[in-house]
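This report concerns only the one structure given below.
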Amino acid sequence: MHDQGTGLNSDKGKVYIVDDDPLVRSSLEHTLASAGYEPEKFATASHFLGCLTPSHVGCVLADYRMPGMDGMALQEELTRRNSPLSVIIITGYPEVSLAVKAIQSGAINFIEKPFDRKTLLDDVATAIAKSRQRAVGLRATKAFEERLAMLTDREREVAEQLVMGRTNRQIAEHLGLSPRTVEIHRAHVMEKLEVANLIDLARAVGNLH
């Protein structure tokens, strides 16, 4: 059950509480609202995911133990979807091995109930900042992928050779082209991908892997 009817409609870095315990949801909501955040509450991970879009930015406070999809599974699903959201796993049953696993899978932190207010708010602030950074990176990557798709097959071949550090003459020999033709393709690659030099080209292509 979704406790509020507002829905996920903000990309300003909100906090999404996903916990099957209504008392925990209410407690977290009060703490976060008193600190100026806009918390939204969900009783299940599946309901939360059903309301999610790729553009949402913010922090997810997810209970480790929930019926159906638990907090760790939610973290893994968000990672699979390449979501910019940051996750903090919350639990009433602290175990070092679980904390390590949560951090290794990408969670910002693994915190215990009852919560220390300052620790919770500090972690939320860190999570939102990282989510915003990740969102900027994902948007840049998507934009570059769209520009990359504009390259012809030959231009893509030339781009791949350039990233490998080969000269125009080496590329010409490798592809069976004239150096002048390679020079023209190279100019088109740089223009379409909106990069100023080979270093920028290599960095942009490298970020896709």
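All of the numbers you see were taken from the coordinates with simple rules; none came from a lab. Owing to the predicted nature of the structure, the values given are computational and were not obtained by experimental measurement. Every residue, glycine among them, receives a Cβ derived from its backbone with ideal geometry; neighbour counts consider all protein chains shown.
Scan the stretch 172-206 for residues that are within 36 Å of the chain's Cα centre (by Cα) and among the β-branched types (Val, Ile, Thr) and report the count. Give the derivation first.
Going through the stretch 172-206, the residues within 36 Å of the chain's Cα centre (by Cα) turn out to be 185-206.
Adding the requirement that they be among the β-branched types (Val, Ile, Thr) leaves 189, 195, 199, 205.
Total satisfying the criteria: 4.
Please pick out the residue among Arg186, Arg166, Arg139 that is basic (Lys, Arg), touching a residue at least 12 places away in the same chain (Cβ under 8 Å) and over 30 Å from Ser27 (Cα atoms). Can you show your working first?
Working: Arg166 fails: touching a residue at least 12 places away in the same chain (Cβ under 8 Å); Arg139 fails: touching a residue at least 12 places away in the same chain (Cβ under 8 Å).
Every option except Arg186 fails the conditions.
Is at least one residue of the stretch 44-58 assigned to a helix (DSSP H, G or I), of a type in the set (A, V, I, L, M) and surrounded by 14 or more Cβ atoms within 10 Å (Cβ to Cβ)? Write out each step before concluding.
At the first step, the residues of the stretch 44-58 found to be assigned to a helix (DSSP H, G or I) are 45-50.
Going one step further and asking which of them are of a type in the set (A, V, I, L, M), we end up with 45, 49.
Then drop every residue that is not surrounded by 14 or more Cβ atoms within 10 Å (Cβ to Cβ), which leaves 45, 49.
The answer is yes; a qualifying residue exists.
Quickly run through the stretch 63-88 and pick out the residues that are assigned to a strand (DSSP E or B) and either of a type outside the set (D, E, K, R) or free of Cβ contacts under 8 Å to residues at least 12 places away in the same chain (or both). Spell out how you get there, then give the answer.
Initial filter on the stretch 63-88 (assigned to a strand (DSSP E or B)): 63, 86-88.
Within the stretch 63-88, Ser86, Val87, Ile88 qualify.
If you take the residues of the stretch 83-119 that are among the polar types (S, T, N, Q) and in contact with a Gly (Cβ under 9 Å, 6 or more places away or on another chain), which of them is farthest from Ala35 (Cα to Cα)? Steps first, answer last, please.
Within the stretch 83-119, the subset among the polar types (S, T, N, Q) is 83, 86, 91, 97, 104-105, 109, 119.
Pick out the ones that are also in contact with a Gly (Cβ under 9 Å, 6 or more places away or on another chain) and you get 86, 91.
Details: Ser86: 19, Thr91: 22 Å.
Taking the candidates together, the pick is Thr91.
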